[in-house]
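Take a look at the structure below.
The values are calculated or read from the model by the stated rules, or taken from the named source; none is laboratory data. The model shown is predicted, which means the values in this text are computed figures rather than measured ones. Backbone-built Cβ (ideal geometry, glycine too); neighbour counts: all protein chains shown.
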Amino acid sequence: MCGRFAVTRETPDLIGVLEGLGSLSDNFNVAPTTPIAAVREWKGERHMETPRWGFVPSFYKSFDQRPQPINARVETVATSGMFRKGFANSRCIVPARGYFEWQVRQDGKQPYFISAPESALAMAGVMTAWRDPAKADDDPDRWRLSVAIITRDAHVAPGEVHDRMPACLTPDAYDDWLGDHLSADQLLSLLDRSSAEVAHELTHWEVSRDVNSVRNNGPQLIEPLA
């Protein structure tokens, strides 16, 4: 799964897809329910949006209705009633420097930081727009965006920490993933190939348990334990 990740100011330079779309601020403990950066293609142009992390489908009666899944399984994202529309029409890329996973030990939960040594991660996502009925039709804030990160089986990654991992894209897959010219089966095949390729490049190390609390932040959270 992917329940916490980190972004840095250098992430756009490492990932490429954000070029010319804006900048990111350092956040070493990105948590669910917070706004995150995501790139999507809308009306033929790329935009960097700031959807809330936690998927709120358009058919919900309230933006606070539950559940609000933070992850979508690649095995069902194209067919699930929750994600099918977003997968068909609003795929996105969520940039990250790396992400966290935990192992349960006798003395508590030990976090690991997982990243690509010389790159950033382009995590595949699905976005949705929820119409706020309390706002007028001409109100630019009438649509509220939210997002889920797609996950896959992590056993393709060497020395995996968790049984699920974010499905990440290679640079050559960005245009096809964000575009509207591939079928659902072609998109799933693309995501399987590119995410497996990224998985083989990942490395991980133990980090401070300070990351367990969303109140903590700073570059020390992704540094290897001595």
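Things worth noting here:
- Residues that are of a type in the set (Ser, Thr, Tyr) and either in contact with a helix residue (DSSP H, G or I) (Cβ under 7 Å, 6 or more places away or on another chain) or more than 11 Å from Val126 (Cβ to Cβ) (or both) within the stretch 44-102 comprise Thr50, Ser58, Tyr60, Ser62, Thr76, Thr79, Tyr99, listed in sequence order.
- Residue match in the stretch 19-30 (condition: surrounded by fewer than 20 Cβ atoms within 10 Å (Cβ to Cβ), of a type in the set (Phe, Trp, Tyr) and in a strand (DSSP E or B)): no
- Checking the stretch 206-214 against the condition returns a match, with at least one residue being over 16 Å from the mean Cα position of the chain (by Cα), loosely packed, with under 14 Cβ neighbours inside 10 Å and among the hydrophobic types (A, V, I, L, M, F, W, C).
- Test: residue in the stretch 119-141 that is outside any strand (DSSP E or B) and under 25 Å from Leu190 (Cα atoms): yes
- Here is the figure for the stretch 212-221: residues that are assigned to a helix (DSSP H, G or I) and out of contact with any Lys or Arg (no Cβ under 7 Å at 6 or more places or on another chain) total 3.
- Val104 being of a type outside the set (Gly, Ala, Ser) and without any contact (Cβ under 8 Å) to a residue 12 or more places away in the chain: yes
- If you go through the stretch 138-166 and pick out every residue that is closer than 14 Å to Phe100 by Cα and at pLDDT 80 or above, you end up with 5.
- Of all residues in the stretch 32-53, those satisfying the criterion of being small (Gly, Ala, Ser) and either touching a Gly at 6+ places or on another chain (Cβ under 7 Å) or surrounded by fewer than 18 Cβ atoms within 10 Å (Cβ to Cβ) (or both) are Ala38, Gly44.
- Residue in the stretch 193-205 that is part of a loop (DSSP other than H, G, I, E, B) and surrounded by 13 or more Cβ atoms within 10 Å (Cβ to Cβ) present: yes
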